[in-house]
Every structure is written in C-alpha cells, then in structure tokens.
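See structure below.
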Amino acid sequence: MLRAKNQALIQMQDVPSAVNALQFYANVQPSIRGRNVYVQFSSHQELTTMEQSQGRGDEPNRILLVTVHHMLYPMTVDVLYQVFSPHGSVEKIVTFQKSAGFQALIQYQSRQSAVAARSTLQGRNIYDGCCQLDIQFSNLDELQVNYNNDRSRDFTNPNLPTEQKGRPSQPGYGDAGNMYAAQGSGARAVGFPQMANAAAIAAAFGGGLPPGITGTNDRCTVLVSNLNPDRIDEDKLFNLFSIYGNIVRIKLLRNKPDHALIQMGDGFQAELAVHFLKGAMLFEKRLEVNFSKHPNITQGADTHEYINSNLNRFNRNAAKNYRYCCSPTKMIHLSTLPQDITEEEIVSLVEEHGTIVNSKVFEMNGKKQALVQFGNEEQATEALVCKHASTLSGSVIRISFSQLQNI
C-alpha cells in the first residue's frame, strides 16, 4: 500500500493472470467504497516486502534510516539533530520525502551511538501525540552530503555551500535506505525542460515524479464535466483546482451547464489536477476531469479571471504545495486562522458539510492551525470548496487536504 499517494501495488501469480485482470477492468469500471479506481501495469517486476527490503534491518550500523509518521509539525535537520545528538556524535543528516512519508538518514560517528539511539527512540513521538519515529539500520556505509541547509547537513564540514533553492541534496538518497524497493524505482527523474518551476518540482518529489504523472503534458486547459449546476460556481472550482496549481481563468459552459473549462498555470499543474481529481465526488456528482482540446480559454464576459489572485497557492512555497498534492481525503487542514480561534468555532464553520469524526486545533511556528476529519472524502471536499478563502474573525482562512489517516 502506498498510503500517501492513495495507491497500491498488486502482484499476481503470473503474467497471464495480470493480463486477464487488466483486460477485465478495461471494460468494467472498478470502484472501492463508491470511488472509481484505475488499473494499469506497473514497471516493477516483483514486490519486495518490508521484511525483505530493510537492508541490514537489525544488523547494527552507524547510519540510521528514520521514517516520521503522523507528521503535524515540520521536520528539519536542526530538529532531528536535537533529537538524536544526545545519544552520540552525529556526523551527517540527509532528509527526503518518499511514499512512506518523511524520511532521514542519520550518520553517527560510532555504531554504538546508533544502536543506543535506536534502542531509546524507536516508536517514540518527537512531539506530543505526533511525529512518531520508526528507526531501522541503513544498508549504507557512508553518507555523501554536498550542501549544508535545512534538508542536509555535514557537521564535520561546516564550510559546505548552501544549496541552490529547490535543488535536491543527493538524488540517490531517495532510495538509499531501501525500505521498500518498489517505491523509489518507479519514479521518473525530473528532467523535462518544458516544465515550469522544475526546481520546485524536483525538491517536492525528491528528484522523481509521483506514479502516474509523466511530466510531459503541455496542455494547460482542463475540461470538467458532470458538475452539479445548481451548486457549483467559478469560485468553488477555483478553491478545488488551485490545490494542484495556479488558476489563470475559469469558464462555465452556458450551453452545457454541467461542464466547465479551467486553465491552469502550466501543463504539469493541469496533469496533477486531472490525475488526482478524476472520479472525485462533489455535490453528489462524480467528476469527470480530462484535458481539453482548447489550448487556453479566451478572455471574455463569461470568464472569471484568477491570474492575479493572491489566493493562488503556487506563487510562494511552490515545492511545499506540490508535495502536498493528493486525491481528496477525509481530512482537511485549515491555516491562517485567528490566534484566539477555538475548536468549537472550527466545527461550527464546517459542520454543515457532513459528519465530523474528529477535530483538533494546534499551534505551529506561533500560528494557529486546525485539522477536521469528516465521515468521507465527499464531505471533506464540499467543506473545502465552500469554505476555503472565507473570512473568520477578520482572517481569510486557507484549506487543503491532509494526508494524515487520523487525528
């Protein structure tokens, strides 16, 4: 299971069985819990289990592979150093993002220090109730660090340069720990010169691309159909599609009231939107999202312009926003909240959109944020499209999907 990407890999007994399965679902739309799923061949010849792919596993090594689960707060080299340095001399740290979540390689001066750190910290939370540590011994003998910054650090060589913004510290480290062999090898390297924000994309996806994303699409306009014309409008579509890229303009088709055209900032952003939103439920309708034959939308009286909107998310922190792209989930994350906000006010804001399973208000970097878990993805999607960019006690709140499984 690739939980962070809402995907799974299935190994059949033999090739003919896999071919039969794919041919069957070419004519039958499969669905799980009311949501369409899509089946295609994987580039992997065989899956490796966690037990088989942990490298040295329990064989002691001075380099640790650390996975952080339920990450509500940002992880940096400095945070990891504070956690691991009390157990011995930390020489190097490299961090990266994988399908398993946020991971880091931590090199101690001695094997004994690494053993002590793993024994003490395995399964512990960095912060109360979140950021749980899963620690294994790496199969690497030496870490190579090229830059000293928030994502990598060589404490034995403080004179290393800082990295150019968005450039990954060391592309190979995405697979260095070999925690799950099928996860890293299928990602294609980011080497497409036509992609805008290539550096941010590389930083977000660790030098590769999510499964199913080619990075070669140059069509910027998306056609959305099967909308609920009684409940949809341009701003609601903006709120949903702006999760995957900047929006230039949107046009509702008056002769087809359940259709709309959405022009994204570039082809890569349009591909993300098509990939993650195809088959999503909104207002009791299952969305059809495809690339349009129109290269762009002609500006006119029936178009809504968003190119200069300060609500476009990818003008700043593009790498972070790319990293958080995913299909709709049951959990929404609310930010830019008033400092005196209460959990009751958050619930009151969104409870009209569905059953709230759980909620939490917390503070990060001195700013109030919140998580709300709904009964299903459709309810969370409705809350996002209706309440993103709404005003609460003078603050314009921002809402996105969270990939956390629970609070």
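Overview of values
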read-out: For V357, solvent-accessible area (1.4 Å; no DNA, RNA or ligand), Å²; value: 90 Å²
read-out: Region 213-369: relative contact order as a whole-number percent, Cα under 8 Å and 6+ apart; value: 25 percent
read-out: Accessible area in the full protein assembly, largest first, 1.4 Å probe, for D150, D128, D233; value: D128, D150, D233
read-out: Local net charge near I262, Cβ-Cβ under 15 Å (Lys/Arg +1, Asp/Glu -1); value: -1
read-out: Cα shape, region 84-135, gyration tensor, a/c 1.5 rule; value: oblate
read-out: For region 110-159, convex hull volume per residue from C-alpha positions, Å³; value: 113 Å³
read-out: Spatially proximal lysines relative to K251 (Cα-Cα < 26 Å; intrachain offsets below 8 disregarded); value: K236, K278, K285, K293, K387
read-out: Gain on full stretching of the segment that runs from N20 to S393 - 0.36 nm per residue minus C-alpha separation; value: 128.6 nm
read-out: Cβ-Cβ FRET estimate between N226 and N365, R0 fixed at 41 Å, reported to 0.05; value: 0.55
read-out: Rounded to the nearest 10 Å², the accessible area of Y81 at probe 1.4 Å; value: 80 Å²
read-out: In Å, descending, principal axis extents of the Cα set of region 299-405; value: 43, 31, 28
read-out: Length gained when the stretch F41-D235 is fully extended (0.36 nm per residue, less Cα-Cα span); value: 66.1 nm
read-out: More than 17 angstrom apart: percent of Cα pairs within region 260-305; value: 41 percent
read-out: Region 204-292: equivalent-ellipsoid semi-axes (sqrt of 5 x gyration tensor eigenvalues, Cα, Å); value: 23, 13, 11
read-out: Contour minus Cα-Cα distance for Y324 and Q122 (0.36 nm per residue); value: 70.1 nm
read-out: Inter-probe distance in nm under a simple model that places probes 7 Å from Cα toward Cβ, at Q339 and D141; value: 5.5 nm
read-out: Cα centroid separation, region 346-400 to region 271-309 (Å); value: 23 Å
read-out: Cubic angstrom per residue, convex hull over Cα atoms of region 248-333; value: 124 Å³
read-out: For region 361-407, convex hull volume per residue from C-alpha positions, Å³; value: 90 Å³
read-out: D134-A301 FRET efficiency (beta carbon distance; Förster radius 51 Å; 0.05 resolution); value: 0.35
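The values are calculated or read from the model by the stated rules, or taken from the named source; none is laboratory data. Remember, it's a predicted structure, so these values are computed and weren't measured experimentally. For neighbour counting, all protein chains shown are included, and Cβ atoms are generated from backbone atoms with ideal geometry for every residue, glycine included. Accessible surface areas use protein heavy atoms only, side chains included; no ligands, DNA or RNA. Shrake-Rupley method; radii C 1.70, N 1.55, O 1.52, S 1.80 Å.
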